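What follows is a short report on a single structure.
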Amino acid sequence: MNIFIVSILILMSSVHAQVLPQFSFDESKKMSDEELKDKKEGTFVTGVPQLGSDPINGQGIGGDVFIYNNGKKDDQFFKYTPYRSATEIHAYLTNKDQKEVIVAFDVPYIFESSWRVRFEAGYEDNPNLLYFGRTEKTLGQLQHAGEKFKSFNSYTKSLKNNGTGNTSDELFNTYRKQESILNMSAENTYLDGTLRLLVGWESALVNITTFDGKSVGGKKQGQSLLQKERTEGALRGLGNNLINITQLGIIYDTRDFEPDPSSGTFTELTDEYSSKAFGSAFNFNKIYFHSNHYKQIAKKYVDRLVIVGRYALSLTQGAAPFYEYQDSWGSEGSIEGLGGGQTLRGYKQSRFLAPLVSFANVEARWRFASTNIWGQHFTFNLVPFFDAGKVWDRVSKYDFNHYKTSQGLGLRVPWNQSTVLSFDYANSVEDDQFFFTFGHIF
């Protein structure tokens, strides 16, 4: 029987069997008195029109709506959970033709049981994605026509100008991804809310195309890196493919408030398995580990200063399509490659890629102001940060030498605590980037 069907049957029977009149929670999960006084009761909506700017996808317009239900103050879950349910609706369009629509649900302790259920469905069409290879050779300097480049801007200028005749290499590293995705997971809770075991399923219909031979800016595009590697027989994933993945995970979580923690630890180990036996186009396995730590310091001197750190390691094995090397899945969302707004913020998205990927982040989140506007509570946090990361072709080559690094400064604006507006400016020896998104990166 399909493992997904088995998982659903187990979930349904467990939800029925484990409805309890009263839970006990580890005290590390309790929100601070300061945070509790600002936590809203009942159902409320936050949302903003999104006027974004991305170093790859350009200027965009869209919107995000978040619907939360926090329950009542005398609810047994109120002091220990971020919300009773959360719904997100997201739509976005850029002037470089990126389009995406996402609907997501998250319900901790569904039906007052020990289970947490998450669901996400989405569609994305993005013609601006970048690929630089998937070996540790990507750690070297950018190269084109036998010349090395220290900055990403000088590299792209070379691609645009140094084609032959009416042919351009401008989109040598670029490809288009059209993806429809459905992701469902369920987590059962143990040890007073600090331990969760996860089972999930993901289905994605993915179409990858390149711009070889097409005319852009009056010039015909030459062969892309993806097509070059496929011609050499070293690449999988071009064209239209169905990916079905089973997901398993174990999570240890002592954060006091998930959306904006001030103390605790979040450590997670997940495994994703894809097999032709249950309809997937490829056989592969991916393991992802990350551990996040949060510590509030200097309480006598500042309103709120939280030092946070993360270390992560991702391993892809088997006959995986190239884009699965870029995706490390966790219970709270995916990490998309080393580089970009979630990992190494001073480098372009997926700049470094190989079967083994490691990265670390350190931030200092200092709350310097808070206010209420029209019944909405806002706080403002200044966030200096430092990122580091590296990739390897084999596990046996893992070391702690010569990591790529970047640094920067961010602003976080928690809105009614659960919705966090994030602005980051990052710098590296190769690039400067600005990001606007929702939520902390960890």
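What number of residues within region 205-241 are part of a loop (DSSP other than H, G, I, E, B) and open to solvent by 70 Å² or more (accessible area, probe 1.4 Å)?
Step one: filter region 205-241 for residues part of a loop (DSSP other than H, G, I, E, B), giving 210-214, 217-218, 222-224, 232-238.
Still in the list and also open to solvent by 70 Å² or more (accessible area, probe 1.4 Å): 214, 217, 223, 232, 236.
Summing the residues that are part of a loop (DSSP other than H, G, I, E, B) and open to solvent by 70 Å² or more (accessible area, probe 1.4 Å) in region 205-241 gives 5.
Of the set (1) more than 25 Å from Leu195 (Cβ to Cβ); (2) surrounded by 19 or more Cβ atoms within 10 Å (Cβ to Cβ), all apply to Thr246 but (1).
Taking region 249-259 as the range and being surrounded by fewer than 17 Cβ atoms within 10 Å (Cβ to Cβ) and β-branched (Val, Ile, Thr) as the test, only Ile250 passes. Of the strands (runs of 3 or more DSSP E) lying entirely inside region 64-176, those containing at least 3 residues that are of a type in the set (D, E, K, R) and open to solvent by 20 Å² or more (accessible area, probe 1.4 Å) are 115-130. Is it true that Thr343 is more than 13 Å from Leu139 (Cα to Cα) and assigned to a loop (DSSP other than H, G, I, E, B)? Yes: the conditions hold for Thr343. Scanning region 360-383 for residues that are among the aliphatic types (A, V, I, L, M) and open to solvent by less than 40 Å² (accessible area, probe 1.4 Å) yields a total of 4.
Given the residues Ser334, Ser314, Ser350, Ser328, which is the only one that is in a loop (DSSP other than H, G, I, E, B) and under 23 Å from Val206 (Cα atoms)? Step through it out loud before you land on a result.
Numbers: Ser334 fails: in a loop (DSSP other than H, G, I, E, B); Ser314 fails: in a loop (DSSP other than H, G, I, E, B); Ser328 fails: in a loop (DSSP other than H, G, I, E, B).
Answer to the selection: Ser350.
Selection of region 115-164 for residues being aliphatic (A, V, I, L, M) and touching a residue at least 60 places away in the same chain (Cβ under 8 Å) yields Val117, Ala121, Leu129, Leu130, Leu139, Leu142. Under 6 Å between Cβ atoms, which residue pairs at least 6 apart in sequence (or on different chains) link something in region 268-280 that is within 15 Å of Ser334 (Cα to Cα) and surrounded by 18 or more Cβ atoms within 10 Å (Cβ to Cβ) with a partner that is modelled with pLDDT of 95 or more and among the aromatic types (Phe, Trp, Tyr)? If the second residue must be modelled with pLDDT of 95 or more and among the aromatic types (Phe, Trp, Tyr), the pairs left are Thr270/Tyr288. Determine if region 95-102 includes at least one residue that is in contact (Cβ under 8 Å) with a residue 60 or more places away in the chain and in contact with a Phe, Trp or Tyr (Cβ under 8 Å, 6 or more places away or on another chain). Among the residues of region 95-102, not one is in contact (Cβ under 8 Å) with a residue 60 or more places away in the chain and in contact with a Phe, Trp or Tyr (Cβ under 8 Å, 6 or more places away or on another chain), which makes the answer no.
Could you say whether any residue in region 410-418 is over 21 Å from the mean Cα position of the chain (by Cα) and either free of Cβ contacts under 8 Å to residues at least 12 places away in the same chain or more than 23 Å from Lys295 (Cα to Cα) (or both)?
Within region 410-418, the first condition is being over 21 Å from the mean Cα position of the chain (by Cα), and the residues that meet it are 416.
From what is left, the residues that are either free of Cβ contacts under 8 Å to residues at least 12 places away in the same chain or more than 23 Å from Lys295 (Cα to Cα) (or both) are none.
No, region 410-418 contains no residue that is over 21 Å from the mean Cα position of the chain (by Cα) and either free of Cβ contacts under 8 Å to residues at least 12 places away in the same chain or more than 23 Å from Lys295 (Cα to Cα) (or both).
Elements of the type strands (runs of 3 or more DSSP E) sitting completely within region 369-442 and holding at least 1 residues that are farther than 26 Å from Gly60 by Cα: these cover 376-392, 404-415.
Restricting attention to region 360-388 and to residues that are more than 20 Å from the chain's Cα centre (by Cα) and of a type in the set (Phe, Trp, Tyr), the residue that is nearest to Asp399 (Cα to Cα) turns out to be Trp366. Here are the criteria: (1) assigned to a strand (DSSP E or B); (2) open to solvent by 20 Å² or more (accessible area, probe 1.4 Å). Tell me which single one Tyr288 does not satisfy. Result: Tyr288 passes all but (2). Is it true that Val15 is of a type in the set (Val, Ile, Thr) and modelled with pLDDT of 80 or more? So Val15 does not fit the description; no.
Residue-wise test of (1) modelled with pLDDT of 95 or more; (2) under 30 Å from Asp26 (Cα atoms).
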{"residue": "Gln223", "(1), (2)": "no, no"}
{"residue": "Gly249", "(1), (2)": "yes, yes"}
{"residue": "Asp253", "(1), (2)": "yes, yes"}
{"residue": "Asp256", "(1), (2)": "no, yes"}
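The values are calculated or read from the model by the stated rules, or taken from the named source; none is laboratory data. Model, not experiment: these values are computed from the prediction. Here Cβ is always computed from backbone atoms with ideal geometry, including for glycine, and neighbour counts include all displayed protein chains. SASA here: full protein model, heavy atoms, side chains in, ligands and nucleic acids out. Shrake-Rupley method; radii C 1.70, N 1.55, O 1.52, S 1.80 Å.
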